[in-house]
Amino acid sequence: MALVIGGIPLWFAGAGLHAYFTSDDTMNLYGYWSEPWRDLLVANLAYYSPLYRPMGGLFYRAVFAVFGFNPLPFRVACFALLLINLALLYATARTLAASRDVGLLAALAGSYHAGFEDLYYNTGMVYDLLCYLFYVGALLGYCHARRAGRRLGWPQAILVVASYVCALNSKEVAVTLPAVILIYEWIYHRPKLSNRGLLGWISRELWLVWLLAAMTVPFLFGKLSSASPFSGIPDYELHISPARYLDAYRHYLDIASYHRSAWFTASGALLLWAAMLLIAARGRRKVLWFSFFFILVSVLPVIFITPRGTISVLYLPYLGWALYAAALLVAMREALGAGLARLAPRLSALGARMQPLTSAVTFAAAAVLLCGAHRANTFPAQTQPVIGSTADQIHRLLPQLPANGRILFLDDPFPADDWTLPTLIRLSYGDRTIHVDRVKRMSPRPDLHEIRSYSVVLTYQRDRLVRIDPAQPGGTAAP
């Protein structure tokens, strides 16, 4: 079963291992590469600093330091994180439901979705992968420590706090962890509803929740300040309202259900949640309650920014959907078995002996149905092949570049407001001193004397780069 779960993302999206860098990758990598290692390490300790997602910076810098400007190690590392996160999903679901079957089915449900295309083809989504790793790791560690109502010890608390800091440094959606742990405490370790019992629970059992919440305050101030990299970017502006929450979630439900044209309405989303709430209440299973509230809470604050075209931004909240579906399926199977046992008591002992086979059949049926849905709805990955093609052509034309070299592009395949080309060249040659100019960004246009001052002049003709010799009358192009 583990091989099936781990093999599904490779089967459907294994081509993502060979995806090239995207514009986001070159921008992210160059930004971190331009920062001293010391500043990056300090920013991960001072998690409330406005530096852009410093844990992702450590990932980019570390892989680049070892492998250079080679996309394959980055993609392998991202797929390794995907598989580790699937193992965490299994362990968390199994712990919360106290059921191996729920763990396996939740991991199966979370193993692949075509709406996660960016996770499979874009290294720029490593922030989501890292956030999931540390967020779910912290939640799992907390749940393990609190099993059977045990008090949380200092070693476990330090591990949870450290994981939370790493999650915050990975992506801002991690701010929901204190609320999620509070929900877990209320559902799994609810106190006696007396003044004394409630106050004792709040003061003695929830101390780590209050610590995590207090840690979140300076983080929010840093990310909402004018020094934040998100400041002034319309796509990251928060529009907090029930209407925005409902409309954005409805949009993501369309994608998650493989419907891309407003199939879900606002009332439809509300009816779905009402049905899930009713099932949780009737089923009386703590895992259903927890997963339901996780679905609603873990989307904050990403649900209040401009909706994206994929559900990759809901990679973390998808855990709740996978957990709810798995727990519901196992509950239905157990209810059916109990009903049959009441009708035919002699089958009860046989049913207990057939439990492993029943679990295997349930898993196999779910795998067939899910894979069929994924296969019918998988669409071509949105990649940026021009970046890899441009890098290959530049290095064929210019195997080496001198330090402080100056390159001029009379024309190039990138939009005028795109910064990919300069970062691509400096990163691929490993030299920050290379100066890159593009005529389409220069005003006024350079004259012949200025053009001849560059060490290299290139242009883009008939879908390929060519080198120009400006010293010759009229210039000559060489392939």
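For the range 295-306, name all the residues that are closer than 23 Å to ALA114 by Cβ and either surrounded by 17 or more Cβ atoms within 10 Å (Cβ to Cβ) or of a type in the set (A, V, I, L, M, F, W, C) (or both).
Step one: of the range 295-306, the residues closer than 23 Å to ALA114 by Cβ are 295, 298-299, 302-303, 305-306.
Of everything in the range 295-306, those that are closer than 23 Å to ALA114 by Cβ and either surrounded by 17 or more Cβ atoms within 10 Å (Cβ to Cβ) or of a type in the set (A, V, I, L, M, F, W, C) (or both) turn out to be ILE295, SER298, VAL299, VAL302, ILE303, ILE305.
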Problem - Single condition ALA326 does not satisfy, out of (1) among the small types (Gly, Ala, Ser); (2) surrounded by fewer than 16 Cβ atoms within 10 Å (Cβ to Cβ); (3) at pLDDT 90 or above - result: (2)
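Do we find that THR26 is part of a helix (DSSP H, G or I), closer than 30 Å to SER359 by Cβ and of a type in the set (Ser, Thr, Tyr) in this structure? Steps first, answer last, please.
Details: part of a helix (DSSP H, G or I): yes; closer than 30 Å to SER359 by Cβ: no; of a type in the set (Ser, Thr, Tyr): yes.
Here the answer is no, as THR26 does not meet what is asked.
I'd like to know if the range 131-151 contains one or more residues that are of a type in the set (D, E, K, R) and in a helix (DSSP H, G or I). I'd like the intermediate steps shown before the answer.
Here is the first cut: in the range 131-151, the residues of a type in the set (D, E, K, R) are 146-147, 150-151.
Going one step further and asking which of them are in a helix (DSSP H, G or I), we end up with 147.
Yes: the range 131-151 contains one or more residues that are of a type in the set (D, E, K, R) and in a helix (DSSP H, G or I).
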Practice task
Please specify each residue of the range 122-154 satisfying the condition of being within 14 Å of ALA174 (Cβ to Cβ) and either small (Gly, Ala, Ser) or outside the structural domain of TYR164 (by TED's automatic domain parsing) (or both).
Solution key: GLY137, ALA138
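If a residue has to be in a helix (DSSP H, G or I) and surrounded by fewer than 13 Cβ atoms within 10 Å (Cβ to Cβ) to count, how many in the range 269-286 make the cut? Break it down stepwise before answering.
Taking the range 269-286 as the starting set, the residues that turn out to be in a helix (DSSP H, G or I) are 269-283, 286.
Filter once more, keeping what is surrounded by fewer than 13 Cβ atoms within 10 Å (Cβ to Cβ): 271, 274-275, 278, 281-282.
Counting residues in the range 269-286 that are in a helix (DSSP H, G or I) and surrounded by fewer than 13 Cβ atoms within 10 Å (Cβ to Cβ) gives 6.
Please determine whether any residue of the range 86-93 is under 28 Å from LEU424 (Cβ atoms) and of a type in the set (Gly, Ala, Ser).
no
Could you tell me whether the range 251-259 includes any residue that is more than 30 Å from LEU152 (Cα to Cα), more than 24 Å from the chain's Cα centre (by Cα), polar (S, T, N, Q) and assigned to a loop (DSSP other than H, G, I, E, B)?
So far as the range 251-259 goes, no, none of its residues is more than 30 Å from LEU152 (Cα to Cα), more than 24 Å from the chain's Cα centre (by Cα), polar (S, T, N, Q) and assigned to a loop (DSSP other than H, G, I, E, B).
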Practice task
Output yes when any residue across the range 378-386 is in a helix (DSSP H, G or I) and surrounded by fewer than 17 Cβ atoms within 10 Å (Cβ to Cβ), and no when none is.
Solution key: yes
Problem - Where LEU51 falls short, out of the listed (1) of a type in the set (A, V, I, L, M); (2) modelled with pLDDT under 90; (3) surrounded by fewer than 16 Cβ atoms within 10 Å (Cβ to Cβ) - result: (3)
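Residue by residue through the range 438-469, note down the ones that are among the charged types (D, E, K, R) and either touching an Asp or Glu at 6+ places or on another chain (Cβ under 9 Å) or not assigned by TED's automatic domain parsing to the domain that holds ALA391 (or both).
ARG438, LYS440, ARG441
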Exercise for the section: May I ask you to list pairs of residues, at least six apart or on different chains, whose Cβ atoms are under 8 Å apart, with the first in the range 435-454 being surrounded by 12 or more Cβ atoms within 10 Å (Cβ to Cβ) and the second being part of a loop (DSSP other than H, G, I, E, B) and among the hydroxyl-bearing types (Ser, Thr, Tyr)? Expected result: ASP437/TYR454
Exercise for the section: Kindly establish whether ASP247 is among the charged types (D, E, K, R), within 18 Å of TYR318 (Cα to Cα), assigned to a helix (DSSP H, G or I) and in contact (Cβ under 8 Å) with a residue 12 or more places away in the chain. Expected result: yes
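Take ALA248 and tell me if it is under 25 Å from the mean Cα position of the chain (by Cα), among the small types (Gly, Ala, Ser), over 27 Å from ILE187 (Cα atoms) and surrounded by 17 or more Cβ atoms within 10 Å (Cβ to Cβ). Break it down into steps so the answer makes sense when it comes.
Numbers: under 25 Å from the mean Cα position of the chain (by Cα): yes; among the small types (Gly, Ala, Ser): yes; over 27 Å from ILE187 (Cα atoms): yes; surrounded by 17 or more Cβ atoms within 10 Å (Cβ to Cβ): yes.
When the stated conditions are applied, ALA248 passes them.
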Exercise for the section: Tell me, yes or no, whether the range 201-214 has at least one residue that is polar (S, T, N, Q) and surrounded by fewer than 20 Cβ atoms within 10 Å (Cβ to Cβ). Expected result: yes
Practice task
Find all pairs meeting these conditions: Cβ atoms under 6 angstrom apart; at least six residues apart or on different chains; first residue within the range 392-406 and at pLDDT 90 or above; second residue polar (S, T, N, Q).
Solution key: ARG406/SER455
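Quick check on my filter: what residues within the range 62-76 are among the hydrophobic types (A, V, I, L, M, F, W, C) and in contact (Cβ under 8 Å) with a residue 24 or more places away in the chain? Before the answer, list the steps.
Initially, the range 62-76 is screened for residues among the hydrophobic types (A, V, I, L, M, F, W, C), giving 62-67, 69, 72, 74, 76.
Passing the criteria: PHE64, PHE69, LEU72, PHE74, VAL76.
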Fill in the blank from the handout: Picked from the range 287-318 (must be part of a helix (DSSP H, G or I) and among the β-branched types (Val, Ile, Thr)), the residue farthest from the chain's Cα centre (by Cα) is VAL287
Handout entry: Residues being in a loop (DSSP other than H, G, I, E, B) and under 15 Å from ARG53 (Cα atoms) - total across the range 226-236
Key = 5
Practice task
May I ask you to list pairs of residues, at least six apart or on different chains, whose Cβ atoms are under 8 Å apart, with the first in the range 1-30 being without any contact (Cβ under 8 Å) to a residue 60 or more places away in the chain and closer than 24 Å to GLN384 by Cβ and the second being charged (D, E, K, R) and in a helix (DSSP H, G or I)?
Solution key: HIS18/ARG75
Handout entry: Single match in PHE59, PHE21 (criterion: crowded, with 16+ Cβ neighbours inside 10 Å and modelled with pLDDT under 95)
Key = PHE21
Handout entry: Meets criteria (buried (at least 24 other Cβ atoms within 10 Å of the Cβ), touching a residue at least 40 places away in the same chain (Cβ under 8 Å) and closer than 23 Å to HIS189 by Cα) for LEU108
Key = no
Handout entry: Flag for ALA87 being within 30 Å of ALA391 (Cβ to Cβ) and out of contact with any strand residue (DSSP E or B) (no Cβ under 9 Å at 6 or more places or on another chain)
Key = no
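Which residues, taken from the range 286-324, are among the small types (Gly, Ala, Ser) and farther than 20 Å from LEU272 by Cβ?
Listed by number, the residues that qualify are GLY309, SER312.
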Fill in the blank from the handout: A careful count of residues in the range 198-211 that are more than 18 Å from ARG150 (Cβ to Cβ) and either aromatic (Phe, Trp, Tyr) or more than 38 Å from the chain's Cα centre (by Cα) (or both) gives 1
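The values are calculated or read from the model by the stated rules, or taken from the named source; none is laboratory data. It should be emphasised that the depicted structure is a prediction, and the values quoted were computed from it without experimental measurement. Glycine also receives a Cβ, built like all others from the backbone with ideal geometry; neighbour counts cover every protein chain displayed.
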